[in-house]
Amino acid sequence: GCRKEAEQSAHDAAGGPQTTQPSSAAGLGSLLLAPEALFRPTRNGCTLQWIARVPCQTRVLAGPSPDALREFQTVNSLGPAEVNIVGAAPDSDLFIKCEFRAQQGGDWIRQPLRRVRTQRRAGETFKAILIADTHPYAALHKPAGRENTLAAQQRIIAEQPDFVIFLGDEASMIRNIYRGRVVTAEEAAADWLRWRTLYSDLLSQVPSMMVLGNHEGEAGYYQTYTNSNGVMYLQRWATVARKQVLRNPGPTTYPEGGEDEGWVGDPDSPATGGAEQGNRSPLENYFAWTWGDALFVVLDVHRYTNPGGSTPAAPEEWTLGPTQMAWLEKTLRNSTARWKIVVTHHLVGGWRWDGGGHTQETKYYYGRGGAKYARVGEQARITDLMNETGARLLLYGHDHVFAHQQSDNVDFVCCGRVSYLNPEWFDRPGWREAYGDAAARDPYDFYAALGYVRLTISPNSIDLAYVCSGRDGASGENVDSQPGEVVYQRTFSA
């Protein structure tokens, strides 16, 4: 049976839920701000996390089959709470069921049965899904943006992947700050809760983890951000808010480790303080794990770039920082996995254009582009390291299209998005330099189509497919693919 190991997170002082009493006809929404979500799949279990709106009692049942469930843990909570389920067999199914009720009593609300696959052994075939750049704050106001995102979730759930990797830009601390808008710690909490709510179906059924993007607001240059209307401490607020709703792997989740730098800011600083709220190590921002015959390495290109300074004034300013770079090298060199896959929000360098690809005269070099920039800035060292260690694939988001490019024996794959398209970008000079012509055919230079990347990984091959998940509400496609169709497919052989 599963062994007990439970932990309740501290209530978030920056934007935590308010206590109200549920009605007598309370549904799940009156008890919870967010239902159970699956994180940190391991060789013998996973982490289950939920966010209680009111004082709530949760009963967690787990077992190796639907008819062998046993009560694993009962937890009283307000705000974020989690249970670490351990003791399951490796490379096997783990079944989980949650029941919720108000802490003062009442009827249990029973959630559907959930199934998790524990860590695959070498030699096993499995599927993983990558989702990039939903931008929920904008997608929910775009034609068909919500519908496309919800439909994509159902397709992904039906795929039955072992896990999902989000490639970042799922929260947005930075929206409109360059136009004078001031955001707050409370908005950071609301932004992350928006993502958690939007993806609640998927998160409750498939273990998930996330690469941090620029929109998450945790970059070094966002420790303090000042515009014409105020001063903001975006990195602190965003880090605290994220750790309340997303439980990324920590340094001890997997043998490959992750961020464990012992970082604690100045407790008297509004920019780097807040350790008691979670603005401290472990930051859960870079990590790695082996699954079957594949090593996955997730990087954070933002936090160590210009800490306390300004946005990158040259592509060469982007950096992983010395500790993360040393960890990346150690992780790639020590791994004996047949496949080694590096995952990042964008390259550690990128193009010499502004974010929109309009001009090369800018104070913010935005990190866009793929293989054409394999040797720009610190990315050159990463490209060399991948070659030296046999790491074949670099998967990234940021640019909102699907593109597969090659350089220096590395395959650079931009993983598209599920929510909406940005066809207004495609005629700009920076874009054409990085990705080519939207009208190119046989082959396409890139694919403007809504979708997600599906990896099917076996000992002898990786099948990479870009699966169409919806139609853009503004008809921004350059390819006539229908939902469910494979837009692009490539098989890599060992």
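The values are calculated or read from the model by the stated rules, or taken from the named source; none is laboratory data. Please read all numbers here as calculations on a predicted model, not as lab measurements. Note that each Cβ is placed from the backbone with ideal geometry, even for glycine, and that neighbours are counted across all protein chains shown.
Only a single item in (1) under 24 Å from VAL301 (Cβ atoms); (2) surrounded by 18 or more Cβ atoms within 10 Å (Cβ to Cβ) is not met by GLU388, and it is number (2).
In the condition set (1) in contact with a Lys or Arg (Cβ under 9 Å, 6 or more places away or on another chain); (2) over 21 Å from ASP169 (Cα atoms); (3) in a loop (DSSP other than H, G, I, E, B), LYS340 is compliant with all but (3).
Okay, residues lined up against (1) part of a helix (DSSP H, G or I); (2) modelled with pLDDT of 95 or more; (3) surrounded by fewer than 24 Cβ atoms within 10 Å (Cβ to Cβ):
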position: GLN154; (1), (2), (3): yes, yes, yes
position: GLU170; (1), (2), (3): no, yes, no
position: MET173; (1), (2), (3): no, no, no
position: TYR178; (1), (2), (3): yes, no, yes
position: VAL183; (1), (2), (3): no, no, yes
position: ARG196; (1), (2), (3): yes, yes, yes
position: MET209; (1), (2), (3): no, yes, yes
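Of everything in the stretch 236-271, what is under 17 Å from the mean Cα position of the chain (by Cα) and part of a helix (DSSP H, G or I)? Give them in sequence order. Passing the criteria: ALA238, THR239, VAL240, ALA241, ARG242, LYS243, GLN244, VAL245. Only one entry in GLU124, GLU147 is among the acidic types (Asp, Glu), under 26 Å from CYS468 (Cα atoms) and at pLDDT 95 or above, namely GLU147.
Filtering the stretch 128-144 to residues that are part of a loop (DSSP other than H, G, I, E, B), more than 11 Å from GLY470 (Cα to Cα) and not charged (D, E, K, R) leaves ALA132, THR134, HIS135, LEU140, HIS141, PRO143. One residue stands out among those in the stretch 281-309 that are touching a Ser or Thr at 6+ places or on another chain (Cβ under 6 Å) and in a loop (DSSP other than H, G, I, E, B): the one that is surrounded by the most Cβ atoms within 10 Å (Cβ to Cβ), which is VAL301.
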